[in-house]
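Undergrad: Here it is: the structure, laid out below.
The values are calculated or read from the model by the stated rules, or taken from the named source; none is laboratory data. All of these numbers come straight from a predicted model, not from anything done at the bench. Here Cβ is always computed from backbone atoms with ideal geometry, including for glycine, and neighbour counts include all displayed protein chains. The area values use the complete protein model at the heavy-atom level, side chains included, leaving out ligands, DNA and RNA. Shrake-Rupley method; radii C 1.70, N 1.55, O 1.52, S 1.80 Å.
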Amino acid sequence: MRIDHDLAFMLQFENVAWFEDGVVKILDRRIYPIRTEYVVCETYKDVVKAIQDMVTQSGGPYLAASMAMVLAAYQTRDMSREDCLVFMEQAAYDITHARPTTSSRMRKIAYDALDVVKTQMWNTNDELVEFVKAFAIDEVSQRYARIEKIGMQLAEKVPHDGTIMTQCFAETVVGMICRHLKTLGNENVKFICPETRPYLQGARLTASVICDMGFDVHVITDNMPGYILKEKKVDLFTSASDMITLDGHIVNKVGTFQIAALCHYHKIPYYVTGTPSNTHKTMDTVKIEERNPEEVLSHLGTKVTMDGVQAYYPAFDVTPPSLCSGVITEKGIFSPYDLESYFKD
């Protein structure tokens, strides 16, 4: 049985990013569920651009990255072995640097795929493509298996018939939480999702996954959490993470910090999910991506401000370890002040 069984539509591998018949198809999360459309990428550089353009977000870019390496391998079909290796080296570099904040995670995926090209014995381009695609499927399956362990631990933190607030789109974690809540007989849990402007990932993606899996879910605007946390008796706040530094700082979709601070005020636990980074010991080495401010000045494609009005758009903010109740990983739950223990085994 595939690890993505019984998960919501948009968490199935083929509906994240998938190589087939010489192209990579990526579900366009910028418009889902308003419309279900796929961006078709004919070159690995098209995939890089799709990642940069936010066609896929949260965990989606990681499967897109591995499938981009499959597509790059396909593009070498008329090259010599030497030229193929040069081309694949460049592809790995370009994919790694698609977005700055997540480059260390992208690097592992892209360069592990490159190692397959260098170490496997292949005689034809078809064999090479199959090797790299097998790596991509194995990589996402292992990642989903790790996330399943995270989702199980987080689900067990939720009181019976409790209420969870999320932030942005924790992707597969959300699906795994819901799947495990069902096995625990805790199917009356309620979810509250801030909308997450300007791409509305909470409203469109998180809420869609939760609804698709049969749970009660309400969307709120991004300025409502302080009131809603108390009024609706939220039991637990959770988010994923784009980066967790070794000293316990959490880099995630902008808005996470303010909800964590409000939870601290209301004495509501905040559990972040993800893997600590051994690359980024402190926040000093993390670059916070500043996206095009024009994206803030419009809503679903419609300009909402007067000409001459300007905007800021940091894609992420930073939550200090003092506001985090625990970091949930596939190895267990760690204090944000003791993340070095994650690497001891």
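Undergrad: Longest segment of the chain with no chymotrypsin sites (Phe, Trp or Tyr not before Pro) in a DSSP loop having at most 13 other Cβ atoms within 10 Å?
TA: Details: sites that count: Tyr312, Tyr337.
My reading of the result: 1-311 is the longest stretch.
Undergrad: Still on this structure: With the crude spin-label approximation of a point 7 Å out along Cα→Cβ, what separation in nm comes out for Leu184 versus Glu340?
TA: 3.2 nm
Undergrad: Accessible area per residue, 1.4 Å probe, Å², for the stretch 205-345: what's the number? Write out the running numbers ahead of the final one.
TA: Values: 7160 Å² over 141 residues.
Result: 51 Å² of accessible area for each residue.
Undergrad: Leaving out ligands, DNA and RNA, what percent of the accessible area of the stretch 157-343 is carbon and sulfur, probe 1.4 Å?
TA: On the way: 4400 of 8250 Å².
Carbon and sulfur atoms account for 53 percent of the accessible area of the stretch 157-343.
Undergrad: Continuing with the same structure: Using alpha carbons only, how many angstrom separate the centre of the stretch 269-294 from the centre of the stretch 157-224?
TA: 22 Å
Undergrad: Using a probe radius of 1.4 Å on heavy atoms only, what accessible surface per residue do you get for the stretch 9-146? Whole Å² is fine.
TA: Details: 6010 Å² over 138 residues.
Value for the stretch 9-146: 44 Å² per residue.
Undergrad: How many percent of the accessible area of the stretch 9-146 is carbon or sulfur, using a 1.4 Å probe? All intermediate terms of the calculation are to be shown ahead of the outcome.
TA: Working: 2970 of 6010 Å².
C and S fraction of accessible area: 49 percent.
Undergrad: Let me ask something else about it. Relative contact order for the stretch 60-194 using alpha-carbon pairs under 8 Å, separation at least 6, rounded to a whole percent?
TA: Values: 139 pairs, mean separation 30.6, N = 135.
After rounding, I find 23 percent.
Undergrad: Only Cα pairs under 8 Å and at least 6 apart count here; give the relative contact order of the chain as a rounded whole percent. Display every interim value, and only then the final one.
TA: Numbers: 646 pairs, mean separation 48.3, N = 345.
Averaging sequence separation for qualifying contacts and normalising by length gives 14 percent for the chain.
Undergrad: Taking Lys49 as the anchor, which lysines have their alpha carbon closer than 16 Å to its alpha carbon, excluding any fewer than eight residues away along the same chain?
TA: Result set, ordered by chain and number: Lys25.
Undergrad: How about the stretch 27-87: which GluC sites (Glu not before Pro) there lie in a loop by DSSP and see at most 14 other Cβ atoms within 10 Å?
TA: Numbers: sites: Glu37, Glu42, Glu82; in loops: Glu37, Glu42.
Those that pass, being in a loop and sparsely packed, are Glu37, Glu42.
Undergrad: Scan around Val23 for amide H atoms under 5 Å from its own, H built in the peptide plane at 1.01 Å from N, and keep only partners 5 or more places away or cross-chain.
TA: Those qualifying (amide H under 5 Å, at least 5 residues apart or on another chain) number zero.
Undergrad: Relative to the present Cα-Cα distance, how much length would full extension add between Ile34 and Ser141 at 0.36 nm per residue of separation?
TA: Numbers: separation 107, 0.36 × 107 = 38.52 nm, distance 2.81 nm.
Difference between extended and current length: 35.7 nm.
Undergrad: How do His249, His299, His218 rank by accessible surface area computed with a 1.4 Å probe, from largest to smallest? Don't jump to the answer; show the numbers that get you there.
TA: Numbers: His249 45, His299 65, His218 105 Å².
Listed by decreasing accessible area, they come as His218, His299, His249.
Undergrad: Quick one: work out the % antiparallel among DSSP beta bridges in the stretch 157-343, nearest 5.
TA: Working: 12 of 31 bridges.
Bridges in the stretch 157-343 are about 40 percent antiparallel.
Undergrad: Measure up Lys118/Lys253; Lys149/Lys190; Lys233/Lys331; Lys133/Lys182; Lys133/Lys157 against 27 Å on the Cα-Cα distance and list the ones that go over. Intermediate results must be reported in sequence, preceding the final value.
TA: On the way: Lys118/Lys253 36 Å; Lys149/Lys190 21 Å; Lys233/Lys331 30 Å; Lys133/Lys182 32 Å; Lys133/Lys157 36 Å.
With Cα atoms farther than 27 Å apart: Lys118/Lys253; Lys233/Lys331; Lys133/Lys182; Lys133/Lys157.
Undergrad: Can you give me the Cα centroid spacing of the stretch 28-77 and the stretch 300-336 in angstrom?
TA: Centre-to-centre (Cα) distance: 23 Å.
Undergrad: Nearest-5 percent of antiparallel DSSP beta bridges in the chain? Write down the numbers at each step before the final one.
TA: Working: 20 of 39 bridges.
The antiparallel fraction comes to roughly 50 percent.
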